[in-house]
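This report concerns only the one structure given below.
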Amino acid sequence: MLTLGKYSIGTGDRFGKQAGAQLESVIKAGKSGKEISIIWNKSYREHAIIHTDPASVRIAADRAVKSADWKGSYYMDADHISLKTVDLFMDSSDFFTLDVADFIGEKAAKEEVSKFVQENLLYSGKLNIPGIEKSLNINEENIRKTAERYLFAVKEAGKIYRHIEAKKGKGNFITEVSIDETEQPQSPEELLFILSAIAKEGIPIQTIAPKFTGRFNKGV
């Protein structure tokens, strides 16, 4: 099974000219004791704007890796893909970012929401999670609100994942779920139950992309 290392960095080689320099930065980081997996990512939207295709990212990355004699792990990320666009990336990608932000807020069936709430009531009360200073206050209301807002989107992610798995085989790719391109950030309580929904959907994610709320220097 493909497994993402503890540390990884996404590098967007937008114009197919930066792969060597991007890999060099990861190699330098490795010399300081940080082993980093490099993930070359490019979305369908970016390919459409620049008039490139997913295969070109793979070619540029493989060339950079061979030139540098890089022995570390690297991946090709089909970034921000949907069920409509994923097939274009099947042959060249081994990392898939399932973008379901457009489905956030759509309501799942009432019986599915109720079932999800019942399955997660065991977390009710104060929940302490290592690394989070404040306890999470869990109750039926915030479980239900999370399900009503995110359960449908997670089920869409499940459809995309199973489509990829049918084509590439189980364990032959890394999966990320993206819910970052939305106006409202996720609270820790929401993220907990989003992860619960993802697990119940049978999606073996290795990373998740929530809404980033701090300062972000795009392109730096």
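The values are calculated or read from the model by the stated rules, or taken from the named source; none is laboratory data. The structure displayed is predicted, hence computed values, not measured ones. Here the Cβ positions follow ideal geometry from the backbone for every residue, glycine too, while neighbour counts run over all protein chains shown.
Which condition number does Ser114 fail, the rest of (1) over 22 Å from Ala166 (Cα atoms); (2) without any contact (Cβ under 8 Å) to a residue 24 or more places away in the chain; (3) exposed (fewer than 15 other Cβ atoms within 10 Å of the Cβ); (4) not assigned by TED's automatic domain parsing to the domain that holds Ile203 being met?
If we test Ser114 against (1) over 22 Å from Ala166 (Cα atoms); (2) without any contact (Cβ under 8 Å) to a residue 24 or more places away in the chain; (3) exposed (fewer than 15 other Cβ atoms within 10 Å of the Cβ); (4) not assigned by TED's automatic domain parsing to the domain that holds Ile203, just (4) comes out false.
Test Asn172 against the criterion of being outside any helix (DSSP H, G or I) and out of contact with any Pro (no Cβ under 7 Å at 6 or more places or on another chain), and give yes or no.
Values: outside any helix (DSSP H, G or I): yes; out of contact with any Pro (no Cβ under 7 Å at 6 or more places or on another chain): yes.
So Asn172 passes the test.
Of everything in the stretch 40-68 that's touching a His at 6+ places or on another chain (Cβ under 9 Å) and part of a helix (DSSP H, G or I), which residue is nearest to Ser8 (Cα to Cα)? Reasoning before the result, please.
Step one: of the stretch 40-68, the residues touching a His at 6+ places or on another chain (Cβ under 9 Å) are 41, 43-46, 53-54, 56-57.
Imposing the further condition that a residue be part of a helix (DSSP H, G or I) reduces the set to 44-46, 54, 56-57.
Numbers: Tyr44: 22, Arg45: 23, Glu46: 21, Pro54: 20, Ser56: 22, Val57: 18 Å.
The extreme case among them is Val57.
Being of a type outside the set (D, E, K, R) and either over 15 Å from Ala64 (Cβ atoms) or buried (at least 16 other Cβ atoms within 10 Å of the Cβ) (or both) is the filter here, so list the residues in the stretch 1-15 that pass it. Even if it seems obvious, please write down each step before you answer.
Quick first cut of the stretch 1-15, residues of a type outside the set (D, E, K, R) only: 1-5, 7-12, 15.
Within the stretch 1-15, Met1, Leu2, Thr3, Leu4, Gly5, Tyr7, Ser8, Gly10, Thr11, Gly12 meet the criteria.
So that you can scan it fast, the table gives a plain yes or no per residue for (1) touching a residue at least 60 places away in the same chain (Cβ under 8 Å); (2) exposed (fewer than 14 other Cβ atoms within 10 Å of the Cβ):
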| residue | (1), (2) |
| --- | --- |
| Ile132 | no, yes |
| Asn137 | no, yes |
| Gly169 | no, yes |
| Asn172 | yes, yes |
| Glu176 | yes, no |
| Glu181 | yes, yes |
| Ala199 | no, yes |
| Ala209 | yes, no |
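In the stretch 55-79, which residue that is touching a Lys or Arg at 6+ places or on another chain (Cβ under 7 Å) and not β-branched (Val, Ile, Thr) is farthest from His163 (Cα to Cα)?
From the stretch 55-79, those touching a Lys or Arg at 6+ places or on another chain (Cβ under 7 Å) are 57, 76, 79; that's our starting set.
Keeping just the survivors that are not β-branched (Val, Ile, Thr) gives 76, 79.
Numbers: Met76: 18, Asp79: 16 Å.
Selected residue: Met76.
Between Glu46, Glu106, which is acidic (Asp, Glu) and in the same structural domain as Glu148 (by TED's automatic domain parsing)?
Working: Glu46 fails: in the same structural domain as Glu148 (by TED's automatic domain parsing).
Selected residue: Glu106, the only one of Glu46, Glu106 that is acidic (Asp, Glu) and in the same structural domain as Glu148 (by TED's automatic domain parsing).
Considering Asp79, Asp69, which residue is closer than 27 Å to Ala153 by Cβ and out of contact with any Asp or Glu (no Cβ under 6 Å at 6 or more places or on another chain)? Write out each step before concluding.
On the way: Asp69 fails: closer than 27 Å to Ala153 by Cβ.
So the residue among Asp79, Asp69 that is closer than 27 Å to Ala153 by Cβ and out of contact with any Asp or Glu (no Cβ under 6 Å at 6 or more places or on another chain) is Asp79.
So which of Lys167, Lys134 ends up being outside any helix (DSSP H, G or I) and farther than 21 Å from Ser114 by Cα?
Numbers: Lys167 fails: outside any helix (DSSP H, G or I).
Answer to the check: Lys134.
Whether any residue in the stretch 140-151 is part of a loop (DSSP other than H, G, I, E, B), in contact with an Asp or Glu (Cβ under 6 Å, 6 or more places away or on another chain) and in contact (Cβ under 8 Å) with a residue 12 or more places away in the chain is what I want to check.
Of the stretch 140-151, the ones part of a loop (DSSP other than H, G, I, E, B) are none.
There is no residue in the stretch 140-151 that is part of a loop (DSSP other than H, G, I, E, B), in contact with an Asp or Glu (Cβ under 6 Å, 6 or more places away or on another chain) and in contact (Cβ under 8 Å) with a residue 12 or more places away in the chain.
From the list Ala108, Ala157, pick out the single residue that is touching a Leu at 6+ places or on another chain (Cβ under 6 Å), of a type outside the set (Phe, Trp, Tyr) and assigned to a loop (DSSP other than H, G, I, E, B). Don't jump to the end; show me each part of the working.
Numbers: Ala157 fails: assigned to a loop (DSSP other than H, G, I, E, B).
On inspection, the qualifying residue turns out to be Ala108.
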